[in-house]
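Visitor: Just dropping this structure here.
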Amino acid sequence: MVSASVPQICDSFEHEALELFRDPQSGLTGAIAIHSTALGPAMGGLRLRSYPSIEEAAIDALRLARAMTYKNAAAGLALGGGKAVVIDDGRWDEHRLERWDAFAQRLNRLEGRYITAEDVGTGPADMDRLARGTRWVAGRSELGGGRGDPSSATAHTVFTAIRTAIAFRLAHLHPADVRVGVLGAGHVGGRLVDLLLDAGMSVDVADVNEAATERWAGHPRVARVGTEGFIARELDVLAPCAMGELVCVADVPHLRCAIVAGAANNPLVDELTAVALDERGILYVPDFLANCGGIIHVGGEALGTSDLETHRLIDAAEHRLQRVLRRAREEDRVPVAIAREEVETMLRGHRSRGAAPLSALAPA
Ligand SMILES: NC(=O)c1ccc[n+]([C@@H]2O[C@H](COP(=O)([O-])OP(=O)(O)OC[C@H]3O[C@@H](n4cnc5c(N)ncnc54)[C@H](O)[C@@H]3O)[C@@H](O)[C@H]2O)c1
């Protein structure tokens with residue numbers, strides 16, 4: 001259900017541009033949202049998903065593009081925030097290549113103001129195909145000249161974020177006594193389960209696709225459970241690793257965890273939910289601090305950053321979160337408010353130094 005209109009979102013979050021497109025030949029339909037180019041070209045993944053309408057696809061792109069501005073800035077990347085979504089109409093198997101070729105032309109028309117990469121529903125092979133028609137793409141396979149799938153890097157920063165949050169909130173617990181609930185065992189969630197198990201923790205895991213959790217069948221520290229009621233399970237950490245907008249204010253009284261930290265972008269419906277979690281004593285780790293490993297990995301490919309610098313930025317993510325959590329405790333504030341404030345200060349500094357945002361892009 002659409003809770004706010006496209007113009008309302010564009011206005012309240014001050015997006016620079018939104019382009020809706022439909023290619024009549026291939027049937028490619030979707031949206032590209034550019035939230036900010038204050039720090040550099042907007043970058044964010046390309047999501048292929050079924051949406052009830054182009055309006056809902058546009059709203060998803062707008063929300064995710066804004067999240068990318070915060071994620072890229074907080075990660076120390078010279079990149080702004082953008083996102084593309086294309087609608088899964090059930091005919092991608094027939095038209096995949098021609099649709100990517102049409103999308104590459106869309107990207108070319110933006111002349112580098114938006115750089116794409118993989119997201120839910122797309123992968124390095126899709127990026128390789130796009131790269132035949134445009135240079136504004138990263139996340140290509142290693143064979144295709146890129147750095148490959150960013151999911152391991154994302155799982156790594158999500159894991160270190162969980163470890164940091166545990167040190168802050170549950171320092172008395174030995175890893176063997178920690179139970180983490182991972183909802184969504186896909187590219188990131190699956191790797192996260194393995195990292196948690198390697199660290200000696202126990203895991204409850206659920207996925208709408210039961211086959212995704214089969215590989216842990218019989219593991220003594222893994223409980224494979226259903227998705228129904230998952231967020232209300234008794235856990236130390238709830239790690240949302242499927243889609244966003246999982247927890248709303250009305251859910252908060254039902255949660256039985258101490259920490260929410262995962263890979264999903266925008267896992268809370270709104271910031272009021274973060275406040276409600278805080279009032280219940282549940283620590284919410286800002287998504288854009290936890291899941292930044294992937295964009296550091298593919299952003300580095302786009303910017304030509306060395307492997308050494310990429311590793312430095314990935315390590316810095318853990319220190320940044322420690323600092324934000326310390327400030328939150330000292331100032332008795334919600335961590336996400338502090339993390340957002342830090343990024344907004346950074347963006348204002350760039351605007352006032354004259355890196356003016358680009359004017360709105362002309363619609364297609
Ligand atoms: N891949 C990355 O590097 C990366 C980076 C940053 C953020 N993220 C975010 O992390 C999340 C997971 O990304 P991914 O690459 O692992 O995606 P994925 O598509 O590989 O995995 C998602 C998994 O969630 C499952 N799922 C879907 N809806 C569900 C539901 N309602 N309940 C339970 N399971 C459900 C799917 O079956 C799938 O196994 C997404 O929100 C994505 O935007 C991913």
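The values are calculated or read from the model by the stated rules, or taken from the named source; none is laboratory data. What you see is a predicted model, and the numbers here were worked out from it, not measured in a lab. Using ideal geometry, Cβ is built from the backbone for each residue, glycine included, and neighbour counts are taken over all protein chains shown. The protein model used for the area step is the full one, side chains on, heavy atoms only, and it has no ligands, DNA or RNA in it. Shrake-Rupley method; radii C 1.70, N 1.55, O 1.52, S 1.80 Å.
Visitor: Which one, Leu325, Leu308, Leu277, has the greatest fluctuation when you compute a Gaussian network model over the chain with C-alpha springs under 10 angstrom?
Guide: Leu308
Visitor: Related question: With the cut-off at 1.5 for a/c, could you classify region 188-345 from its C-alpha gyration tensor as rounded, prolate or oblate?
Guide: Working: a/c = 1.88, a/b = 1.13, b/c = 1.66.
Oblate.
Visitor: Ok, one more. Over the chain, average the accessible area per residue using a 1.4 Å probe and give it in Å², no decimals. Display every interim value, and only then the final one.
Guide: Working: 15650 Å² over 364 residues.
Computed with neighbouring chains in place, this is 43 Å² per residue.
Visitor: Measure off, as a whole percent, the carbon and sulfur share of the 1.4 Å-probe accessible area of the chain, all protein chains present.
Guide: Numbers: 7900 of 15650 Å².
Carbon with sulfur: 51 percent of the solvent-accessible area.
Visitor: Need one word for region 183-273: rounded, prolate or oblate. Basis is the Cα gyration tensor (sqrt eigenvalues a ≥ b ≥ c); a/c below 1.5 gives rounded, then a/b vs b/c decides. Show your work: numbers first, answer last.
Guide: Details: a/c = 1.82, a/b = 1.65, b/c = 1.10.
Prolate shape, in that a/c is at least 1.5 and a/b is the bigger ratio.
Visitor: Might you report the magnitude of the Cβ-based charge dipole of the chain about its Cα centre, with Lys and Arg at +1 and Asp and Glu at -1, to the nearest 20 debye?
Guide: Numbers: 39 positive and 49 negative charges, 152 e Å.
Computed charge dipole of the chain: roughly 740 debye.
Visitor: Could you work out how far apart the two model spin labels at His311 and Arg132 are, taking each label as a point 7 Å from the Cα in the direction of the beta carbon, and quote it in nm?
Guide: The modelled label-to-label distance comes out at 3.6 nm.
Visitor: With a 10 Å cut-off between alpha carbons and a GNM built on the chain, which of Leu321, Leu170, Leu64 moves the most?
Guide: With Cα springs under 10 Å in the chain, the top fluctuation among Leu321, Leu170, Leu64 is at Leu170.
Visitor: Dipole of the chain (Lys/Arg Cβ +1, Asp/Glu Cβ -1, origin at the Cα centre): which of Ala17, Gly262, Leu192 lies farthest to the positive side?
Guide: The residue sitting farthest along the positive end of the dipole is Ala17.
Visitor: Based only on Cα atoms, what mean projected area does the convex hull of region 37-150 have, in nm²? Walk me through the intermediate numbers first.
Guide: Working: hull surface 27.4 nm².
Mean projected area of the Cα convex hull: 6.9 nm².
Visitor: Can you give the Rg/Rh ratio of the chain, where Rg is from the C-alpha atoms and Rh is the Kirkwood radius?
Guide: Working: Rg = 19.7 Å, Rh = 20.7 Å.
Looking at the chain, the ratio lands at 0.95.
Visitor: While we're looking at this one, here's another question. Mind pulling the per residue volume of the convex hull built on the Cα atoms of region 258-331? Å³ is fine.
Guide: On the way: hull volume 7.3 nm³, N = 74.
Each residue corresponds to 98 Å³ of Cα convex hull volume.
Visitor: Around Ser50, what is the net charge, scoring Lys/Arg as +1 and Asp/Glu as -1 over all other residues with Cβ under 9 Å from its Cβ?
Guide: -1
Visitor: Please sort 21-30, 144-153, 90-99 by packing, taking for each peptide the average over its residues of neighbouring beta carbons within 10 angstrom, highest first.
Guide: On the way: 21-30: 17.0, 144-153: 20.0, 90-99: 13.3.
The most tightly packed comes first, giving 144-153, 21-30, 90-99.
Visitor: Sticking with this structure for a sec: By the gyration tensor of its Cα atoms, with a ≥ b ≥ c the square roots of the eigenvalues, what is the shape of region 1-51: rounded for a/c under 1.5, prolate for a/b over b/c, or oblate? Mind showing how you got there, number by number?
Guide: Details: a/c = 2.07, a/b = 1.29, b/c = 1.61.
It comes out oblate by the Cα gyration axes.
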